[in-house]
Structures are given as C-alpha cells and as structure tokens.
Number of protein chains: 6
Amino acid sequence: MTSRLDEYRTYRSQMNERIFQIDHRGVKRFFNLDTAAYQDGALDPKTKELLGLVASAVLRCNDCIDYHLIQCVDAGWDDAELYDALNVALIVGGSIVIPHLRHAVETIDLLRKEANDGS
Amino acid sequence: MTSRLDEYRTYRSQMNERIFQIDHRGVKRFFNLDTAAYQDGALDPKTKELLGLVASAVLRCNDCIDYHLIQCVDAGWDDAELYDALNVALIVGGSIVIPHLRHAVETIDLLRKEANDGS
Amino acid sequence: MTSRLDEYRTYRSQMNERIFQIDHRGVKRFFNLDTAAYQDGALDPKTKELLGLVASAVLRCNDCIDYHLIQCVDAGWDDAELYDALNVALIVGGSIVIPHLRHAVETIDLLRKEANDGS
Amino acid sequence: MTSRLDEYRTYRSQMNERIFQIDHRGVKRFFNLDTAAYQDGALDPKTKELLGLVASAVLRCNDCIDYHLIQCVDAGWDDAELYDALNVALIVGGSIVIPHLRHAVETIDLLRKEANDGS
Amino acid sequence: MTSRLDEYRTYRSQMNERIFQIDHRGVKRFFNLDTAAYQDGALDPKTKELLGLVASAVLRCNDCIDYHLIQCVDAGWDDAELYDALNVALIVGGSIVIPHLRHAVETIDLLRKEANDGS
Amino acid sequence: MTSRLDEYRTYRSQMNERIFQIDHRGVKRFFNLDTAAYQDGALDPKTKELLGLVASAVLRCNDCIDYHLIQCVDAGWDDAELYDALNVALIVGGSIVIPHLRHAVETIDLLRKEANDGS
C-alpha cells in the first residue's frame, strides 16, 4: 500500500523533474539557492532544517512541513525536539496552525514507522 | 537620543502593563504560554529564540523580529549565525521579506552598538 | 457512505487524541486555552463562534471553517446569518476567499442534511 | 495636539477623496460594497463590525483595526466585549497578533478619552 | 477518466450555482465585481489574467491558480510566458510557493493536453 | 523638504549597501536573482514590474509597492493602467488591501510630482 508520504515523494520528484525540463533559468537558480540555504554555513544543516520546519508550519504549508520533517528526521532530531519546535510554531501562528500540527504529528509517526519497517 | 529600539521597548512595556491591568484571563494565559514556549524543554531556549526569529521574519512582523533579535543576541547567537537564519527566512518567504531583512540587519547593528556603548 | 464531514471529524478526533498522548505541556495548554476562548465571557459563546468562523475564512483554512461552522450551527445561527458573516469575510479577504466560501456553503448544506437525516 | 487617531482619520479621508476623484469604476463599486457589507442584513451592523474587527486583527492590519474599533465603539460595544473579541483573534492568530493587540488596546483607550474629553 | 481539472470545473460550477441560488445581495455583487475586474479597461483582459495568476500564486491558492491559468491559456499566453510570470511569483513569494508552482506547471500541461485531445 | 519617497530610497540604499557588506553568499545570490526576475525574458520587463506591483499589493507590503511603482512609472505605465492593476489587487485581496491602495495612490501622485518638478 502506498502511504501519503510515498505519494508526496513521487509527485514531488515527478514535478521537480518536469520543472527542470522546462529549464527556466530563474526557476532553476531559485531551486539551487533553496537547496544551498540548508547547507552548512554559520549554522549547521540540522539547525537550519528545524528553522525550515517552523517557517513552513507558521506559513501553513503541509507539503513544506512534510519536506522539512523528512529532512529533520534524517538530520537526527528526535520526536520530543520536533514537538517542541512545532509548539513554538503553534504559539507564534495560533490555532489556525492546529490542522497543520495534526498533519505534522501524523507525518512524524509515518516517518518513524517507515524507519522501523525498513530496519 | 532615544533609539528606535528604546522606543519599541518603552511602548512594548507600557502596553503590556496596560494589557495586564485589563486582566482578561484568556489574554493573560496566552502571554504566559508565549513566555513558556521559549523556555528550556526538549529544545534549549537559545534554539527556540532562533525559531521565533525565523517565524517572525517569514510572517513579516518587525516588532516580533526586534523582540526575538533582542532575545537571540542575549542568548549568544553571533551575527553570522543570525544572518544565516535570516537567509533561511528570505528563501522560504521570498523578496517580500527583504524590507524586514533590512530592518533586522539594522536592529542587529543597533543591538551590537548598545552593547559596545554600554561596555 | 461516509461524508467528508465524518472523515474530518474522525481524523480530527484521532489526531487530537494522538496529540494529547504526546503530552507536550505547551501544546496541551494551548488546546485548553483555545477551547476557553469560545466559552462564556463578556461575549457569549454564540457570538464568539461567529468570530471564529470569520477569522478562519479570511485566513483561508477549510478545516477551521468546518470546525467553526459545526459549532455555529450548534449554537443556533441560521443559514442567512452564516451567509451574512461569510459575506463580511469575502469583502475583507477578497476573491481569494471564494474557494473557501464554496467549501463553507457546502459544509452548511451537509450540516443541515445531517440534522434532517437524524431527525 | 493631534492624536494618531486624528492623523489616521485625516489621511484616510484625504486619500479616499483622492481615490473617488480618480473615478475607477471597479474601485468605487468595491468601496460601496465594502460599506454595504456592514449594514443591516441577516446580522445587525453591531455584530458585523465586531466580525470586521476580528478579521482585521488576525490579518494584522492596524489601519483596519482602528477603523473597525471606531465603528465598534460607535455601535455600543463596551471595553470588556472588545477585549473578549480581541482574545479570539489572539488565539486564532497567535503571538504574531500581539503587536496589533497592543495597538488595538491603545486605540480603545484613545477612543474612550476622546469621548470623555468631548463630553 | 475525469481529470482533476474537470473535477474542479464541475465542483466550481455546482457551488457557484448554489451560491447564486442563496441570493445574498453582497455576495452576488462581489462575484459580478470580480468578473468585471478582468474585463477590458485601461489594461486589456489578457494582461489582467496574468496579474490574477501571479496574485493567486503568491497568495498560494491552487483553485485560484487553476482558474486564472484556464483564463490565461484562453487569452493566448504561451507556456514560456506563463513560466516567466510564475517565476516572478516564486521570487516574490519564496520557496513556500514551490508546491503551488508544481501544481501550476501540472495544470498548464493538462490544459495543453486537453487542447490537443480536443483538436 | 525630504519626501517619504526620498526617505525610503535613502534607507533602502543604505541598508542594501550594509547587506552587501555583510557578504552572505545566499543573501547576495537572492538579491541578484530578484533583480534578474524582472529583466527581459519571455515577458518584457514592463509587464513583469506590473506583476511585481500586484504581488506586492495583495501581500500588503508598502515598501515593495513603492519599489515596484517607481519601476512601473519608469517603465512607462500610465496612471489609469496602474489604477486598473491595483483594482485587480483590491478584488483579489479584499478590503484589507485598502490601506495599501491609499498608500499606492499617494505614491503615484508623489512620483508624478517629482517628474513635473524635475522637468
């Protein structure tokens, strides 16, 4: 059975490929710049992914939340830390963030399940 | 001469006092919860203030940016780290964040100047 | 057949249960504060739910719109009053609110149908 | 001495006059529709102004907050009711609304002072 | 097989019909004003649809993006021009716009496919 | 006497210089990408500036509105065309855009006055 995370990954990767095929110089440079923003700098990538998660949560974008949660779990943040970051997003962004908190908590559970199933 | 940071601090503190005097139970509990969100938990306060800064920047609120920059400088983030966090906000939020980036950079400079003048 | 309202209610209740199980002190206090905000105070709960509906509509959150519509119908607002409130949201928020107006009108119809079917 | 409310009123009225002078059919019709949205309908104007206030607060527009507070005070909402409505906005919109809550509370105080000075 | 564009068109047209049946004077006037905003004026309809597209993209509303893309393709904008407009939206709105860029690119492909299949 | 447009230009240019002096690679590349987005491509620069204006208006950023109005006037858009574009922004974004419409109309008048005074 395909999980919603797999569907998201497939769609994201198909459409990114399509966008690169279009070959718009500005769009491609933006995608590169976006990738670069989370690489090692004055801050380490792990911290930056958490910043990306909270930014995505207060701006209320489920796809962006999923993307950064995948990266955050990869980077080694544990559940308690992710919940604590999401709590900051909840306080800053208010109850309008709650549906996205539900989505984020579900995504974390799905990611942990994937890791367990794959082990 | 009063800097814009001093004006902000004075106004913020006067109005917070006024709001506490009003004594609305829900509002007061929200203010307490807001304070608590940045205290030690699974994440340390220093990390949480940086999350608060990025959330404020992508939501484009200068007063919130100033508040979290004051806290971030207090918590020990250096300029390069703050710029790197603001770069994440810029990429996530786009060019509409630029006027707030200008404001944030000016605030960082003002805070460092205050620290130097006070030493 | 399960309506989209039933799906929403089930998902919302499952994920809220999961969130309470996580037991993050800040998140739990926020949920309590959120509930308290719509209880009797200087304004009555019925008025507050209408405020919550309009806030949800201008912030363009379908789940929040559904939640507050369920509460508004429970509180006794009739269709004409709900449409008049949604019209305020439409004027304040502009045509970008229209897809959420469609969703809201459909939700109202579904809620009235549920009430009729259940009678 | 001119208060910031007087400055707002003067600027608003000058610029509205300028906008009507421009005589763009769409803009003029929108302004009329905006006025009509708060007039008597299934909901009374007093309730609608409170909806407008909360919508303005969660969308974080100080000028809109001031406009609707002027109308709300005119319509007879007392301070406790206005604070209770602003508390809903604070919960829905989160801490990013706090600077606008400060502004709103100050505006309410200015409006009451005007009423007292004028009596 | 029904494409997601057909589903959108059907839902949109059903719910618009339902909204007109409700016959709220303010809502109906807003819908008329919305239609009028894209008609010939100082700017031609083709330019205005592109403005509507970019506004929808930075405000991150997929239904609105689809609506304006349908209009833009009808008005004669070619793919390269639409991508160039979406690039402006991406720069202004940041990476949070990327999921909507994916959606928009897919919609453009679906619209071109419809045109080819129908020829 | 210094107009608010001159103050904006001075502050913008000072802070941009300060930001370039900081020399954050990501931020600098973003600024370059932002400039490039409005240069000749599938769409001409004149059309793109109008897109930038409408995006800035619906996102409700006065500094961004001023920046794009300066560019739009330079690019040769006349007042009627600018008003027609702002009308699209007003319809898409709703009455919450009105304070920014006032600001934009004032900026257009200031820009035309500058052009006349300088002739």
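The values are calculated or read from the model by the stated rules, or taken from the named source; none is laboratory data. No experiment lies behind these values; they were computed from the predicted model shown. In this analysis, Cβ positions are derived from the backbone assuming ideal geometry, glycine residues included, and neighbour counts consider all displayed protein chains. The protein model used for the area step is the full one, side chains on, heavy atoms only, and it has no ligands, DNA or RNA in it. Shrake-Rupley method; radii C 1.70, N 1.55, O 1.52, S 1.80 Å.
Can you give the accessible area buried between chains F and B, summed over both chains, with a 1.4 Å probe, in Å² to the nearest 100? Summing both sides, the interface buries roughly 1600 Å². Under 21 Å of direct C-alpha separation, and excluding same-chain neighbours fewer than eight residues apart, C:Lys28 reaches these lysines: B:Lys28, B:Lys48.
Shape call for the stretch A:1-45 from the C-alpha gyration tensor, a ≥ b ≥ c root eigenvalues: rounded (a/c under 1.5), prolate (a/b greater than b/c) or oblate? Oblate, because a/c is 1.5 or more while a/b does not exceed b/c.
Counted as membrane-span-like here are DSSP H helices of chain A whose alpha-carbon atoms extend 15 Å or more along the helix's own axis and whose Kyte-Doolittle mean is 0.5 or above; these are A:45-58, A:79-93. With helices as the sole contributors, chain A gives -26500 deg cm²/dmol at 222 nm; each DSSP H run of n ≥ 4 counts as -39500 (n - 2.57), and the sum is divided by every residue.
For the stretch D:1-99, rounded, prolate or oblate, judged on the Cα gyration tensor with a ≥ b ≥ c (square roots of eigenvalues), a/c < 1.5 rounded, else prolate if a/b > b/c? The shape class here is prolate.
Pairs of Cα atoms under 8 Å, at least six residues apart: use those to get the relative contact order of chain B, whole percent. If you can, show how the numbers build up before the last one.
Details: 72 pairs, mean separation 28.7, N = 119.
Reported as a whole number, the value is 24 percent.
Among residues of chain B, the one whose Cβ lies closest to the rotation axis carrying chain B onto chain E, together with that distance rounded to whole Å, is B:Gly94, 1. Shortest first, C:Asp40 label-point distances to identical copies amount to 3.0, 4.3, 6.3, 6.3, 7.2 nm, with the label point at 7 Å from Cα along Cα→Cβ.
Our note on the geometry: Cα centres of the stretch D:1-46 and the stretch A:19-41, 44 Å apart.
What is the stretch D:55-119 by shape, rounded, prolate or oblate, if you read a ≥ b ≥ c off the alpha carbon gyration tensor as root eigenvalues and call it rounded for a/c under 1.5, prolate for a/b larger than b/c, and oblate otherwise? Can you show the working numbers first?
On the way: a/c = 2.13, a/b = 1.89, b/c = 1.13.
It is prolate, given that a/c is not under 1.5 and a/b is the larger ratio.
Could you state the accessible area per residue of chain B in Å², with a 1.4 Å probe and every protein chain left in place? Could you put the intermediate results ahead of the total?
Values: 4750 Å² over 119 residues.
Result: 40 Å² per residue.
Sorted from closest to farthest, the other copies place their F:Asp79 label points 4.3, 4.6, 4.6, 4.8, 6.4 nm away, with each point set 7 Å from Cα along Cα→Cβ. Annotation: peptides D:57-64, B:94-101, A:52-59, ranked by per-residue average of other Cβ atoms within 10 Å with the highest first, follow the order A:52-59, B:94-101, D:57-64. Using a probe of 1.4 Å on the protein chains alone, the accessible area found for F:Phe20 is around 90 Å².
Remark: accessible surface ordering of F:Glu81, C:Glu17 (largest first) is C:Glu17, F:Glu81, probe radius 1.4 Å.
With all protein chains present and a 1.4 Å probe, how do B:Arg102, D:Arg18, D:Arg25 order by accessible area, largest first? Numbers along the way, then the final one.
Values: B:Arg102 15, D:Arg18 55, D:Arg25 170 Å².
Listed by decreasing accessible area, they come as D:Arg25, D:Arg18, B:Arg102.
First measure r as the distance between the Cβ atoms of B:Ala75 and F:Thr35, then evaluate 1/(1 + (r/R0)^6) with R0 = 41 Å and state the FRET efficiency to the nearest 0.05. Plugging the Cβ-Cβ distance into 1/(1 + (r/R0)^6) gives 0.75. Label-to-label distances for A:Asp6 across copies, nearest first, come out at 2.7, 2.7, 6.4, 6.7, 7.0 nm, using points 7 Å from Cα in the beta-carbon direction.
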